[in-house]
């Protein structure tokens, strides 16, 4: 691929899921890309574990956001085909919760119909299984019957996926029906591996790790970027377009570029556990509950080798009492409390890691009593999530544009990343014929790697970042 001197240069600041996906997409189109990331690796931000293909974890968001998440998720899976853990999700409403299962059923029909239309438009969109199998309902009697059965290895049907839940969950605590939906697991380490392998193979993409932007000035129709390298030495580069993909630190670059934007930032953590007694294939399980209360949602995400990631939407587990902060009239960058900033920059004290992991285990064992013998298995997955505007429930967002060839990627959920990158190309008219090909044909480099290559690279990343290899391994079908 030959780059001409007159080809525009695009700088992407931030190598999380949004910035890295933008670099992959623009790079695959043959554009001249510089990706700057201040940490030692790409895609290492807030925990990603679940492909929100329909937004069924969020009762509070409107249907249109659910459909947006479905469409974006399907696009992203097609770009990163080796990142899914193909197993269903169970959604249960405890007796203690004010919600009723019937309230989420009309939405499931709407999302299923949206999925059907997408598959009718393009058969390649059928990445979530058969349309008619998108969701299924289970009454208590069915679960009690399944509890008497033995699970195949690996499971061959939805019923077989449900068996461990039927055997171990306290069925007396739940309202019925329980919903099974084809929202799959999403491996953040195989995602990072896919990005690494693709960008290494694209000669028109320059990846600069341990590189921190310190100033951005627009003059003579170009952006002059000043940055520090890994040795702390100052350098400058000039580019034509500036893409702010700094995640929770997006406001810092907004301030440099003098483009103010209102936003929230929320610090969150998920906890890595090992359940020694588990020798079954679990689905993901969601026990709904009011966000921020002691009965907040409990989420059990399965991985290989008896490893489980836990969320508990209480302020003593996943959320933090002072972890939601807002921008101000004088700065677009919300300021996290110093102790949370230190967690991001320096890591957690071991005592805090273990305390919150134990609370997460206790929270889950309220509904799955035998889970109380699960153990701490390593560093929490954590980070801060940006939310544009002032609506803390917003989940489907992508990109906003300003004057002077400046854009910010405002991805709340990782599955929005490709949609955002495509908007950069469309609005800035970077490639007039972009979008005429299928996602697969448009990204030949991304498609060139095998599942085994991606998994092996992901395992290397797990080891390098201090996480169990189980988080990188393929789990499910």
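Each value in this text was obtained by applying a stated rule to the coordinates, not by laboratory testing. Here the structure is a predicted model, which means the values were calculated and not measured. Please note: Cβ atoms are built from the backbone with ideal geometry, for glycine as well, and neighbour counts cover all protein chains shown.
Using the Kirkwood radius over C-alpha pairs as Rh, can you work out the diffusion coefficient of segment 1-146 via Stokes-Einstein at 10 °C, viscosity 1.306 mPa s, in µm² per second? D = 87 µm²/s. Exposure proxy ranking for 331, 44, based on other Cβ atoms within 10 angstrom of each Cβ and starting from the fewest, stands as 331, 44. State the Cα centre-to-centre distance between segment 213-270 and segment 420-468 in whole Å. Each part's Cα centre sits 23 Å from the other's.
Where the alpha-carbon atoms of segment 154-305 are placed on the principal axes, they occupy 68, 38, 27 Å, in descending order. Percent of C-alpha pairs per 10 Å bin in segment 140-203, short distances first: 18, 34, 20, 15, 11, 3. The label point for residue 124 and the one for residue 137, both projected 7 Å from the Cα toward the Cβ, are 3.6 nm apart. Working note: Debye formula, equal point scatterers on the alpha-carbon atoms of segment 1-70, no solvent; log10 I(q)/I(0) at q = 0.19, 0.20 Å⁻¹ is -0.85, -0.88. Over the chain, all Cα pairs binned in 20 Å intervals from 0 give whole-percent P(r) values of 24, 58, 17, 1, listed from short to long. For segment 178-221, list residues with backbone N below 12 Å from a point placed 7 Å from the Cα of residue 402 toward its Cβ? The answer is 216-218, whose backbone nitrogens lie closer than 12 Å to the label point.
Using the Cβ-Cβ distance between residue 150 and residue 370 with R0 = 22 Å, the FRET efficiency computed as 1/(1 + (r/R0)^6) comes to roughly 0.80. The slack between residue 157 and residue 345, meaning 0.36 nm per residue of separation minus the straight C-alpha distance, is 63.3 nm. Here segment 184-229 is described by how far its Cα atoms reach on the three principal axes: 46, 22, 22 Å, from widest to narrowest.
Largest first and in whole Å, what are the equivalent-ellipsoid semi-axes of segment 358-444 based on the Cα gyration tensor, each being the root of 5 times an eigenvalue?
Semi-axes, largest first: 40, 18, 11 Å.
Dividing the summed -39500 (n - 2.57) terms of all DSSP H runs of n ≥ 4 by the residue count of the chain sets its mean residue ellipticity at 222 nm at -9000 deg cm²/dmol. The protection proxy used here, the mean number of other Cβ atoms lying within 10 Å of each residue, ranks peptides 88-94, 365-371, 242-248, 217-223 as follows, highest first: 242-248, 88-94, 365-371, 217-223. Highest average first, the peptides 204-212, 29-37, 97-105 ordered by how many other beta carbon atoms sit within 10 Å of their residues are 29-37, 204-212, 97-105. Of all beta bridges that DSSP places with both ends in the chain, some 75 percent have antiparallel geometry.
Just so you know, the Rg over Rh for segment 235-343 is 1.13, from Cα atoms, with Rh as the Kirkwood radius.
One chain, two ends: residue 200 and residue 463. Fully extended at 0.36 nm per residue, the span grows by 92.7 nm beyond their Cα-Cα distance. Placing a pseudo-label 7 Å from each Cα along the Cα-to-Cβ vector at residue 331 and residue 279 gives an inter-label distance of 5.5 nm.
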